[in-house]
């Protein structure tokens, strides 16, 4: 049974479309469909359901995908180990990251890494904390930036403690104060990330026993900043996310202070991949030098 069949299946699941998978793989849609049909015939059950909206895994398909992804990860690890033994530096590193890291850290790290290892491909998936932990658990990424402590069965390395700060409209009554009392979130219109995002502000407020007066929710960090600029409410953001920005908002320290710990998680099936380990080392060194 060819490994390429499973690579095709994984690409179809990733993109949710036979057509998009064919474009990504550089083949025809009929070839992709034939590959899936061949796998289903060999397994003796349907892997995908097809509709006008695209394709999705059947219940049986969902049961086999963790093993399929694990096999592909080990196959990639084998190729990288062989390349390392032969003195080559080839491979792929898949990284899951949230916005602040994707914007402020990864471009610099990738630039340095690509200078030394130009033949290693880097694939970046951007999401929230929940997304990254899910990708790590599924084996969809090799490395993931997480908010520690994280509920993961893999190696996690603490990188940096990042302060949480209040952002207020420029004409807010606390805009001229040096600090913002966290308790004010109980009465002020509060703008937050969706609950599935495992937002830092929600953790800080919960730890202080404060129930915020939530008026708006979104999954986009920068949408929150724009809404605060327009006077729709206040919010709490990590300092790294706000670094280098010139938004028309007042940024204040919190009372009591709160922070998050940014960590790097190395997926279980990727831990021995030479390219993954090299990239992890570059991240650790880069953050240590820049923070």
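Structural remarks
- When residue 46 is tested against (1) touching a residue at least 24 places away in the same chain (Cβ under 8 Å); (2) outside any helix (DSSP H, G or I), exactly one condition is not met: (1).
- Contact map, the range 115-139: first residue surrounded by fewer than 20 Cβ atoms within 10 Å (Cβ to Cβ), second residue modelled with pLDDT under 90 and not in a helix (DSSP H, G or I), Cβ cut-off under 6 Å, separation 6 or more or different chains; pairs are 117/89; 119/89; 119/90; 121/92; 130/198.
To keep it simple, each residue is scored yes or no on (1) exposed (fewer than 15 other Cβ atoms within 10 Å of the Cβ); (2) free of Cβ contacts under 8 Å to residues at least 40 places away in the same chain.
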| residue | (1), (2) |
| --- | --- |
| 183 | yes, yes |
| 187 | yes, yes |
| 207 | yes, no |
| 228 | no, no |
| 231 | yes, no |
| 244 | yes, no |
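- Here 32, 55 are screened, and the one residue that is surrounded by 14 or more Cβ atoms within 10 Å (Cβ to Cβ), touching a strand residue (DSSP E or B) at 6+ places or on another chain (Cβ under 9 Å) and modelled with pLDDT of 90 or more is 55.
The values are calculated or read from the model by the stated rules, or taken from the named source; none is laboratory data. This is a predicted model, so every value here is computed, not measured. Virtual Cβ from ideal backbone geometry, glycine too; neighbours counted across all protein chains shown.
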